[in-house]
1. Any residue that is open to solvent by less than 10 Å² (accessible area, probe 1.4 Å) and among the hydrophobic types (A, V, I, L, M, F, W, C) - is there at least one of those in the stretch 139-147?
2. Looking at the stretch 99-147, which of its residues are of a type in the set (A, V, I, L, M, F, W, C) and either modelled with pLDDT under 95 or not in a helix (DSSP H, G or I) (or both)?
3. Take residue 362 and decide whether it is open to solvent by 40 Å² or more (accessible area, probe 1.4 Å) and not basic (Lys, Arg).
4. From the list 311, 306, 269, 341, which residue is free of Cβ contacts under 8 Å to residues at least 60 places away in the same chain and either surrounded by fewer than 16 Cβ atoms within 10 Å (Cβ to Cβ) or at negative phi (or both)?
5. Can you run down the residue pairs with Cβ atoms below 9 Å, 6 or more apart or on separate chains, where the first is in the stretch 111-127 and closer than 18 Å to residue 281 by Cα and the partner is of a type in the set (Phe, Trp, Tyr) and part of a strand (DSSP E or B)?
6. If I filter the stretch 214-242 down to residues being of a type outside the set (Ser, Thr, Tyr) and touching a strand residue (DSSP E or B) at 6+ places or on another chain (Cβ under 7 Å), which single residue comes out as surrounded by the fewest Cβ atoms within 10 Å (Cβ to Cβ)?
7. Which members of the stretch 195-213 meet the condition of being open to solvent by less than 40 Å² (accessible area, probe 1.4 Å) and of a type outside the set (S, T, N, Q)?
8. Look at residue 75 and say whether it is assigned to a helix (DSSP H, G or I) and touching a residue at least 60 places away in the same chain (Cβ under 8 Å).
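The values are calculated or read from the model by the stated rules, or taken from the named source; none is laboratory data. Bear in mind the structure is a predicted one, so any value in this text is a computation, not a measurement. Virtual Cβ from ideal backbone geometry, glycine too; neighbours counted across all protein chains shown. Ligands, DNA and RNA are stripped out before the accessible areas are found, and what is left, the full protein with its side chains, is counted by its heavy atoms. Shrake-Rupley method; radii C 1.70, N 1.55, O 1.52, S 1.80 Å.
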Amino acid sequence: MKVDSEAPAPEPAHELIPKACADVDAEVPFGLYLHVPFCATRCGYCDFNTYTAGELGSSSSPESWQDAVAVELEAAARLLRPSRRVSTIFVGGGTPSLLGADGLTRLLDTVRANFDLADDAEVTTEANPESTSPEFFARLREAGYTRISLGMQSAAQHVLRILDRVHTPGRAVAAAREARAAGFDHVNLDLIYGTPGEADADLHGSVDAVLSAGVDHVSAYALIVEDGTALARRIRRGEMPAPDDDVLADRYQILDDRLSANGFGWYEVSNWALDEAGACRHNLAYWQSHDWWGIGPGAHSHVNGVRWWNVKHPARYAKTLGDGALPAASAEELGAEDRHVEEVMLTTRLRSGLPRRILDDAERANAEKLCADGLFESTETAYVLSDSGRLLADGVIRRVLWG
């Protein structure tokens, strides 16, 4: 590739971020993502930025992480002008429930000390079913959390074993019921489908369990084998087969058919809710390209067309903040073409569809061909993925953009 020696060098993160924050549109919804990088054990399929106590040793702890998070929150509030009211908060990981109710309450108190929350703010935390209890949920509800997302993955013991999940099959359903009893109107269960050794009957059993839990939201993701994970190594050694694309498509159809028959509607390719109120507003903010600040090691942010991502290791994250600098590892400013491509990629995945107004003539012609092929359904304002289109969403997006 030819490099233009006259092109200006990209601005470094420490210049791009304040520039993006100095003149934000206060009408654009703003959210906070807080990354908890701690896990009790490492799941074999996971490549997230997480660490067990043995991997961290004495270099980092939940206490030092909380202290560093407080510094980054203060820096974010200071930089954002005009100051932003927080519409959504999502505490993810990792395993946020390892902080306990006290730690999660302290985290939310720290947010409130630096930002004003909207009256109807959505405040979510992820949780591992094994590190929860009725008392845990009651404390979180009292603290101001409004939504719980539980990692279930499967109701089949042998599937959980392959995924290296440590919870027992029935615990996720029990935890969901406990959260509901504590006053949480919005509870999500996560499923993973397509694990080697999973049968159709296993997935049906998982859906049965989800439906019995009384939740109003389900997320379901095809198993992706990420390089560097224990699962990838086992597949490479021939100990088990890789997920099969045709099987994954069949399993998705099972999920969608079962959930739809029980009142759930898809609002994003991998997410279903009982009604509009049950949809996760924080995740919708990602797909609608709103602004958010990612707090914590490895967290990603997007403000005013600028993206950045933090250094990954908790100890380096804390040291960088302690030295008076933002913990961003790098940043990029999205140009008009990048923003357009991203908007097509994200909105296509939504039930509301790909807006006609954002497409040029060639892209509209491509979308009409996809309608003829049965992969899009056309409305007055948008192109919406058909049932078969959802199975081929990535390919549909490529065809819209590049024919």
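1. yes
2. Step one: filter the stretch 99-147 for residues of a type in the set (A, V, I, L, M, F, W, C), giving 99, 101, 104, 107-108, 111, 113, 115, 117-118, 121, 123, 127, 136-138, 140, 143.
Scanning the stretch 99-147 gives 115, 117, 118, 121, 123, 127.
3. Details: open to solvent by 40 Å² or more (accessible area, probe 1.4 Å): yes; not basic (Lys, Arg): yes.
In short, yes.
4. Numbers: 306 fails: free of Cβ contacts under 8 Å to residues at least 60 places away in the same chain; 269 fails: free of Cβ contacts under 8 Å to residues at least 60 places away in the same chain; 341 fails: free of Cβ contacts under 8 Å to residues at least 60 places away in the same chain.
Result of the check over 311, 306, 269, 341: 311.
5. Taking only residues 6 or more apart or on different chains, the pairs are 122/90; 123/90; 124/90; 125/90; 126/90.
6. Kept after step one, since they are of a type outside the set (Ser, Thr, Tyr), are these residues of the stretch 214-242: 214-218, 220, 222-228, 230-242.
Filter again for touching a strand residue (DSSP E or B) at 6+ places or on another chain (Cβ under 7 Å), leaving 215-218, 220, 222-223.
Numbers: 215: 27, 216: 20, 217: 24, 218: 26, 220: 26, 222: 16, 223: 21.
Restricting to residues being of a type outside the set (Ser, Thr, Tyr) and touching a strand residue (DSSP E or B) at 6+ places or on another chain (Cβ under 7 Å), the top hit is 222.
7. Taking the stretch 195-213 as the starting set, the residues that turn out to be open to solvent by less than 40 Å² (accessible area, probe 1.4 Å) are 195-196, 198, 202-203, 205-207, 209-210, 213.
Result: 196, 198, 202, 203, 205, 207, 209, 210, 213.
8. Details: assigned to a helix (DSSP H, G or I): yes; touching a residue at least 60 places away in the same chain (Cβ under 8 Å): yes.
Taking the combined requirement at face value, the residue satisfies it.
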